[in-house]
Structure formats: C-alpha cells, structure tokens
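Asker: My questions will all concern the structure given below.
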Amino acid sequence: MIRSMSAVRRQIKETMPLIHCITNPISIHDCANAILAAGARPIMAEHPKEAAQITASAQALVVNLGNITDARMESAGISMRTAREEGIPSLLDLVGVACSGLRYTLARELLRDMPPAILKGNITELLKMTE
C-alpha cells in the first residue's frame, strides 16, 4: 500500500491534474490548499454558465453541499452530469444532508442521476443516505 500511495503521489506531481471544486466560502481555501499541497491544480468555479465547460476541462470534480445556494445547486447538477458524460471522476461531499431536507433531496437526485466515484461524509450523513 505504501508503494501504491507513493506511485499515486508521484503521478499527481508529474501530471498536475486540474480539480474543479464546487465548494463553499467556509472551506474554499482549505480545499484549494489541500489540492495544491498534493501537487494538483484547483479551480474554484460555481457559476452555472461556466460549470460544464470547466468540468469538461478538469481531470476530477469535487462537489461540497455545505452552505448551499441556488447557484451551487444548479452548478452541482450541471457539473456532475458533465463529469459522468465525460468519464471524469467525481466526489460528492454530503455536508449537512442529515440536517436539511433541501440538501438531502439534492444529494438523492445527484446520487440517482449522476452517481459519483466517491461519496464523502461523516457517519450521520452516510447513514441518512441509506434511508
């Protein structure tokens, strides 16, 4: 496993993939800095009119449901759909789905129509999605 992790790190540093993040003002800097520290390149874009184009040019997509807005909801669907159509791996972070019907409904729709490669959440969020 250590060898495979080293190989992954080496590959990231060599290829410097572009990671499209739809996140929130609370975690945007942490997400960007974590991606940079890994050797990849972040792009933080949430406007619905550019979401498909930016996702299509990226090598991965991260969607975070924290501090949700109408624009982020629309962009999440557009970008997840684009990622699925283009074969781009995606991660869906289930922030707050156990506390908000709006987020839960959005997460269910995204999971049903555009399942991500990775589903991230704490135990409460993950268990909520099994209901």
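Asker: List every residue whose amide H lies under 5 Å from the amide H of Val97, counting only residues 5 or more places away in sequence or on a different chain, with H placed 1.01 Å from N in the peptide plane.
Answerer: none
Asker: Follow-up question, since we're still on this one. Could you size up the charge dipole of region 1-47 around its Cα centre, putting +1 on the beta carbon of Lys and Arg and -1 on that of Asp and Glu, and report it in debye to the nearest 20?
Answerer: 320
Asker: Continuing with the same structure: Regarding region 44-100, what whole-number volume in Å³ per residue does the convex hull of its Cα atoms give?
Answerer: Per residue, the Cα convex hull of region 44-100 comes to 72 Å³.
Asker: Does anyone have the angle between helix 101-113 and the longest principal axis of the chain? Alpha-carbon axes, 0 to 90°, nearest 10?
Answerer: Roughly 60 degrees, rounded to the nearest 10.
Asker: Still on this model: Could you tell me what percent of the accessible area of the chain is made up of carbon and sulfur, with a 1.4 Å probe and every protein chain present?
Answerer: 57
Asker: Largest first, please: the extent of the C-alpha atoms of the chain along each principal axis, to the nearest Å.
Answerer: Projected onto the principal axes, the Cα atoms of the chain cover 41, 35, 28 Å.
Asker: While we're looking at this one, here's another question. Using a 1.4 angstrom probe, figure out how much accessible area the chain has per residue, in square angstrom, rounded to the nearest whole.
Answerer: Counting only protein heavy atoms, the per-residue value for the chain is 58 Å².
Asker: What is the extension gain from Thr105 to Met129, computed as 0.36 nm multiplied by their sequence separation minus the C-alpha to C-alpha distance, in nm to one decimal?
Answerer: Roughly 7.6 nm would be gained on extension.
Asker: Mind checking the angle between helix 48-57 and the chain's longest principal axis? C-alpha axes, 0 to 90 degrees, to the nearest 10.
Answerer: Helix 48-57 and the main axis of the chain meet at about 30 degrees.
Asker: I would also like to ask the following. State, in angstrom, two size descriptors of region 1-72 derived from its alpha carbons: Rg to one decimal place and Dmax to the nearest whole number.
Answerer: My reading of the Cα-based Rg and Dmax gives 13.4, 43 Å.
Asker: Among Gly101, Ser4, Asn33, whose Cα sits farthest toward the positive end of the charge dipole of the chain (+1 at Cβ of Lys/Arg, -1 at Cβ of Asp/Glu, about the Cα centre)?
Answerer: The Cα lying farthest towards the positive end belongs to Ser4.
Asker: Rounding to the nearest 20 debye, state how big the charge dipole of the chain is about its Cα centre with +1 on each Lys and Arg Cβ and -1 on each Asp and Glu Cβ.
Answerer: 440
The values are calculated or read from the model by the stated rules, or taken from the named source; none is laboratory data. Values in this document were obtained by computation on a predicted structure and should not be read as measured data. Heads up, the Cβs are rebuilt from the backbone with ideal geometry, glycines too, and the neighbour counts pull from every protein chain shown. Just the protein is used for accessible areas: all its heavy atoms, side chains included, with ligands, DNA and RNA removed. Shrake-Rupley method; radii C 1.70, N 1.55, O 1.52, S 1.80 Å.
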